[in-house]
1. Tell me which chymotrypsin sites (Phe, Trp or Tyr not before Pro) from the stretch 222-280 have a DSSP coil assignment and no more than 16 other beta carbons within 10 Å of their own.
2. First compute the accessible area of the stretch 229-303 with a 1.4 Å probe, then give the percent of it belonging to carbon and sulfur atoms.
3. Rank Thr136, Thr195, Thr82 by mean-square fluctuation in a GNM of the chain with C-alpha springs under 10 angstrom and give only the top-ranked residue.
4. Using a/c under 1.5 as the rounded threshold, could you call the stretch 80-174 rounded, prolate or oblate? The axes a ≥ b ≥ c are square roots of the C-alpha gyration tensor eigenvalues, and prolate needs a/b larger than b/c, oblate otherwise.
5. Taking one equal scatterer on every alpha-carbon of the stretch 190-319, how large is log10 of I(q)/I(0) by Debye at q = 0.10, 0.22 1/Å?
6. Just the number, please: percent antiparallel of the DSSP beta bridges in the chain, rounded to the nearest 5.
7. Could you give the DSSP H helices of the chain that reach 27 angstrom or more along their long axis (alpha carbon positions) and whose average Kyte-Doolittle hydropathy is no lower than -1.0?
8. Hull surface divided by four, with the convex hull built on the Cα atoms of the chain: how many nm²?
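The values are calculated or read from the model by the stated rules, or taken from the named source; none is laboratory data. None of the values given here were measured: they were computed from a predicted structure. We place every Cβ from the backbone using ideal geometry, glycine too, and count neighbours over all the protein chains shown. Accessible surface is based on the protein model in full, side chains and every heavy atom, while ligands, DNA and RNA are left aside. Shrake-Rupley method; radii C 1.70, N 1.55, O 1.52, S 1.80 Å.
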Amino acid sequence: MTATTETALLLEAGSPGQGALVIGDGILDTVGEQMRRVGLGGRAFVVTDRRVAGVCGDAAVAALDRAGFRPALVAIEGGERTKSLAGAAELYSWLAGQRAERRDVVVALGGGVVGDLAGFVAATYLRGVALVQVPTNVLAQVDSSVGGKTAIDLPQGKNLVGAFHPARLTLIDVALLDALPRREFQSGWAEVIKTAIIFDAPLFEELERTRPQDMTRGQLLDVIARCVRWKLKIVKEDPTEQGPRRLLNFGHTIAHGLEAAAGYGTYLHGEAVAIGMVGACQISQRLGLVDQGLVDRVEGILRRNDLPVRYDPAVAGVEDILEAMGKDKKSENARIRWILTTGLGSTKIGDEVPPELAHEVVAGLAQQSTAQTEAVESHV
Ligand SMILES: NC(=O)c1ccc[n+]([C@@H]2O[C@H](COP(=O)([O-])OP(=O)(O)OC[C@H]3O[C@@H](n4cnc5c(N)ncnc54)[C@H](O)[C@@H]3O)[C@@H](O)[C@H]2O)c1
Ligand SMILES: [Zn+2]
């Protein structure tokens, strides 16, 4: 893979479901100029969380100030619990108190929680103000900041209230990833591996050869850009998730069930997705779509990236996971639509999975942590 270190403009503007998109190494300083370039004006209201504020809040505000956006910044507590009606209400009050106007801009600076919450507030405040996404972790850079989905959670479930509100600009600065705690980084990397399994066999092979910590920044930028390109392509084909965009949910059926059953935060999202991808591969294998070799390769790459491939039954019970999977809004007419692999880089939506098979596979993914350690050892 060739290294790219300059700012790359991946998308000029105007694609359904997504505004302009730039990616680079150390480009946060240019955010104000880039916003001017896509025609934004008014004031900039930066929404971030406390941790991210400490990493790059000042730099973002300075860059916006230099470009004349007269920025104001609010740092929310962060975490999934703040992606709520109460969290949105706080931001509406802040914007109203600041006298934010229709022509102003909300800048979401942070991970998926900040992006979804600030994005939803931007979609609804004054019937919609412009949104700029500046994703600061791997998950947000390759996934949540691209494609216009915004949402908040209700006590009854995740992402139950939301809107499609594409960012006028998404600015991805891979330099910001340096500040990420390792576990957060690895969790986001699960989505990178997911992208490779769904769409891109050569990328999967590249990821098998090189772990992110052994990559140069140029290589890292290339991998992130490649995932973003795939996401852009699928969003363009299916901006409102009626069809092929659902393929991005590979591994997410079990992951959502596991996250809900274990309690949010027990497994980070990407960790749950890692376990869910193993389950989806096993189901695909049992249906004769792929051979065991593929299941082993997927497990192998996840283990090498320190991601879990089994869940601890002391943390989540099989029946609870299955019940939560059934409640997930991605199931239609009580039938779960599985995303299945038909080989590296090729995926399909299938509703032919017998419930008994799903049950068996989910049960088989349960493993006490000590047993898991032994399994890891015997596997290598
Ligand atoms: N809209 C979409 O298309 C979409 C897609 C996937 C996920 N999501 C949503 O994303 C949310 C999860 O996002 P998340 O995992 O990013 O959670 P998050 O936003 O809470 O971020 C995780 C942690 O990373 C920290 N962090 C972020 N950038 C950092 C940096 N540069 N340095 C140090 N720490 C940093 C945050 O402070 C936080 O503690 C979920 O609510 C999910 O529903 C949305
Ligand atoms: Zn995900």
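1. Sites meeting the loop and neighbour criteria: Tyr264.
2. Taking all protein chains in place, the stretch 229-303 shows 50 percent carbon and sulfur surface.
3. Largest GNM mean-square fluctuation: Thr82.
4. oblate
5. Rounded to two decimals, the profile gives -0.34, -1.38.
6. In the chain, DSSP labels about 40 percent of beta bridges as antiparallel.
7. Helices passing the filter in the chain: 217-237.
8. On the way: hull surface 69.2 nm².
For the chain, averaging the hull's shadow over all directions gives 17.3 nm².
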